[in-house]
Each structure stands twice: as C-alpha cells, then as structure tokens.
Amino acid sequence: YVAAVYEHESILSPTPAALVDRQSALELMGRNLEIYEQQAVAAARQGAQIIVFPEDGIHGFNFTRSSIYPYLDFVLHSHSVKWNPCREPYLFNDTEVLQRLSCMALKNKIFLVANLGTKQPCEQTDPHCPSDGRYQFNTNVAFNDDGMLVATYRKHNLYFEYAFDTPPQPDYQFFDTPFAGKFGMFTCFDILFFEPAVNLIKQYNLKQIAYPTAWMNQLPLLSAVEFQQAFATAFSINILAANIHHPTLGMTGSGIYTPVKSFTYHNMESYGGKLIVAEIPVITTDYETNLDKTPSRASEKGNEQSPPQFYAEMMYDNFTFVPVWGEKGELQVCANTLCCYLHYQKAVLTDELYALGVFDGLHTVHGTYYVQACALVKCGGLSFSTCGQEVTDATALIDFQLWGNMSTPYIFPLLLTSGITLEFADHRGWKNNHYFMSKNRTSSGLLTAALYGRWYEKD
C-alpha cells in the first residue's frame, strides 16, 4: 500500500499562555489546517491511501490548562456514535477542527490520522474528574476515506504536558482499512512504555501503527528516526511516524518504516515541512530474524592488558565504559546484572575515540523508566569525559558483533551512522540467553550501535 507522513513546521502562537477566545484559536489552527489540506491533496495525487500528521501540529505547545481551552474540540470517546463530521457538522458544538480533518479525508478519498486537543465534560461523581469539571486530552483521531471518524486515542504517557489529563484507563485503539488491515495508534512518549503501545501491538497482533509525535532528539540513543526504526524492527511492524519540524527545539525526524526498509527525513538545517510518500508491503506474518553467524562467547585471554574502565554520563545516566582502542579486539564491560560484549574490527584507524558502554538501571530524568543498554558510541572528543556526548558525524567504519545477557525480551536495536542516517543490522536475535546484533561495513561512519533494552516490569 502507499503511505504518507507529513513533517509539519507548525505556525505557533507567540503567546501560548495568554487567554484567547475560540475565534482567535480557530484562526491560528486554521492556518495550520490549510497546510494540512495542501499536503493531503499532494499525498492523494501520489497515490497515498493513508496520511499521518504530527502531534501538536494544529495547535502548538507550551499552553497552560486554561490557555489551551479555546483550542480544544469536543469529541465523544465512544464507539456507540457513528459520526461523519464533514457530512454531519451540526451534531456537536466545538468540532470545527474535526470537521475540517473529516472533509480532507472525504475530499481526497484518503484515510487520515491527526492529533488535536479535545475536551470532555465530566461529573463531580467521577473520582477522576478534574476540579474544573472537564477532561482535556491529547488526542489522535482517525478518519476513513469517506470522512467517518473511525478511532480516537487519548495519549497515555504525557511528557510534561500540564494542559492535558491522562485518561483514566489506557486506550487500545485501532481502525480497519481495506488495503492493509488494522492500524493501531499511539503518540510520541508512549513509544517508550508498555502501556498502551506494546500491549496494544501484542494483544491485537497489530502489524501497522500510525504514530503522531513531537519528539525532541536526544543523541546518542534517542534520536527520533533511530528509535522509530528500532521499534519497527523489534516488533516486525510497519510504522508511519510523523514528527513536528522545529530545528531550534531539536525537533525533526519522521519516516515510514518496515522491519527491513526505512524512508526517513531528518533535517536540522532548513525550515518548512516535508511530505514523505512510500509504497510498503502489508505485513501478514512475522519476519524471521537471521540467526546464523552468531558470536560465541568471547574467549577471555588472560595475558592481554585489558583497557581501563571509566564512567561518563550519557542520556543523563551513569554509564560504565571501556575504550575501543586499536584496530580490532574483544571487549566486555558489566554493570549490575548486565554484561556487554563486543568483537570489533576497524577498516582503517582514525583519530576518533569510540567506547563500549553499559547501563542497567532506572532512568530518572525527563521520565522514569528502567533501561538495560549495551552501546558502542563515538565520543565527542578524544578524552574519556566526552563519551556519551551528542555527536552527528563520524568517519570510522567498524565491523562488529555486539551482545549482552539482557534480562528483558524487549530489545530495540539501534544503528545510527554519520549525518543521522540509518542502517539495518546484518543479523540480530537471541542465542543462549544473549541478544546480539552484527554488522559488516556500514556505508558511512558509525555513530551508535546499541542494544536498548526496556525492562518494563521494573519501571
């Protein structure tokens, strides 16, 4: 099928904390919706059957709970009502944004997923009801090619979004398409947690995900395209990921991902939006992970001088590192219960410092979640203290096998090369209770090769 995602540079309110009336809010959102309309037309012209728009793309961000109120549409989060906002605009008040999105889908005969703010009144008898008598949700909506509202999803893992409420229970939302079966939906930060993202995929055996996001890139392990690809690979699914485009805020990185191929956009240099359209296969069965060429446990040579261990902060976590010196070698480094092993061979020696790092613990900055990570990274400079810094360019070509005795089945294989480009591992999978990945010869310099494990039970 043909899919489209649009990385949108949203027109933002210069004063998001100021209180405005509904008319002014609609005016600002209308300017973003005009761009959406143009992109829906362009996508449909290229044969796209579905288009996904980013999180916060219509209304923007940095609102307070009260200042976002005029920007919120009313939406009924129930399956009892069959509603086509374009054809039946009179059914509910405050649904102007939904009407425009619905009409876009209808006019272009395209399935459409977008993100907006929604409101829902609640009774004081409801124990979760906020004191102002209403819920405010960060919501994805999906419309079919006739403009019918077919699914609504309320974001569960809010990322410091004080204007919004967490829904009382996780939403498991998916919708059916004639061209690729069921599509699930979740939003941005949700991708790092078991509920509802992983549970949704597992419980309903979903193979396609529509994923609006407003992601701030964080190298070396959580750049948008890097993690989006790892997620598609880990679960053998297709992901249509639409990010927002605000380079000054570190926000870019969208793509259409299959378990074996990615069509991505990452651009920190220029402004404006970007439409990605790609034809991808419908996934019906699981891809088999390649299990040959697996490393055997490294034979420890007792007589060699082992390189020094050091500690450095990476992604706000205290990693234990060993330097990756010389042309080739075998390394191991451990922390808590996790040991990471590396066989490596450099094509040529460059004056770049690489290190093998391990972290097994609770990550506590910008969210709390338990990580088990084995990471081969290029350091920011030549001193140990620069390991873990954000680096975007590298020249060293390294053949490697990386493996670790991970305690969780949820391992995201990250492989990032110079200029924030992506590669796929040659082989990856489980062998003898170790997860491994190997790669011979990346096409450009290696930035990050990592096994990023999420041990959800320990969150």
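Counting only Cα, what are the radius of gyration and maximum Cα-Cα distance Dmax of segment 72-176, in Å?
13.9, 43
For segment 2-279, which whole-number percentage of the solvent-accessible area (1.4 Å probe, protein heavy atoms only) is attributable to carbon and sulfur atoms?
Ligands and nucleic acids excluded, carbon and sulfur give 51 percent.
Using only the Cα atoms, work out Rg/Rh for the chain, with Rh taken as the Kirkwood radius, to two decimals.
1.00
Please identify the cysteines of the chain that lack any partner cysteine with a Cβ under 4.7 Å from their own Cβ.
Unpaired cysteines in the chain: Cys188.
Hey, what angle do you get for helix 224-235 against the long axis of the chain, alpha-carbon based, 0 to 90 degrees rounded to 10?
Computed tilt is about 80 degrees.
Pull out the extension gain between Ala42 and Lys261, defined as 0.36 nm times the separation in residues minus the alpha carbon to alpha carbon distance; nm, one decimal.
The span from Ala42 to Lys261 would gain 76.5 nm if fully extended.
Quick one: Cα convex hull volume of segment 310-458, Å³ per residue?
100 Å³
In nm², what is the average projected area of the convex hull enclosing the Cα atoms of segment 127-197?
Spelled out: convex hull of the Cα atoms, projected over all directions, averaged, 5.9 nm².
What length, rounded to one decimal in nm, is gained on full extension from Leu382 through to Ala347, with 0.36 nm per residue of separation minus their alpha-carbon distance?
Between Leu382 and Ala347, full extension yields 10.7 nm more.
Using helices alone, I'd like the mean residue ellipticity at 222 nm for the chain: each DSSP H run of four-plus residues gives -39500 (n - 2.57), total over residue count, nearest 500.
About -4000 deg cm²/dmol.
How long is the gain from Arg134 to Lys202 if the chain were fully straight, where each residue apart is worth 0.36 nm and the alpha carbon distance is subtracted?
In short, 21.3 nm is gained.
Rounded to the nearest 0.05, what FRET efficiency is calculated for Ser270 and Asp146 with R0 set to 35 Å and r the Cβ-Cβ distance?
The calculated FRET efficiency here is 0.45.
Using the alpha-carbon atoms, what tilt in degrees (0 to 90, nearest 10) does helix 96-108 show relative to the longest principal axis of the chain?
Around 80 degrees separate the two axes.
Dividing the alpha-carbon Rg of segment 94-234 by 2.2 N^0.38 Å yields what?
Dividing the Cα radius of gyration by 2.2 N^0.38 Å gives 1.10.
Which lysines, if any, have their Cα less than 19 Å from the Cα of Lys207, not counting same-chain residues under 8 positions apart?
In chain and number order, the partners are Lys182, Lys261.
If I model a spin label at Lys182 and Arg441 as a point 7 Å from the Cα along the Cα→Cβ vector, what separation in nanometres do I get?
4.3 nm
If I take R0 = 22 Å and measure r between the Cβ atoms of Asn336 and Asn432 in this structure, what FRET efficiency does the formula 1/(1 + (r/R0)^6) give, to the nearest 0.05?
With R0 = 22 Å, the Cβ-Cβ based efficiency is 0.65.
Give me the percent of accessible area attributable to carbon and sulfur for segment 355-434, probe 1.4 angstrom.
Using a 1.4 Å probe with all protein chains present, segment 355-434 comes out at 51 percent carbon and sulfur.
Which value, in Å², gives the accessible area per residue of the chain when a 1.4 Å probe is used on the protein heavy atoms?
40 Å²
The values are calculated or read from the model by the stated rules, or taken from the named source; none is laboratory data. Please read these numbers as outputs of a predicted model, since none were measured by experiment. Every residue, glycine among them, receives a Cβ derived from its backbone with ideal geometry; neighbour counts consider all protein chains shown. Calculation scope for accessible area: heavy atoms of the full protein, side chains included, ligands and nucleic acids excluded. Shrake-Rupley method; radii C 1.70, N 1.55, O 1.52, S 1.80 Å.
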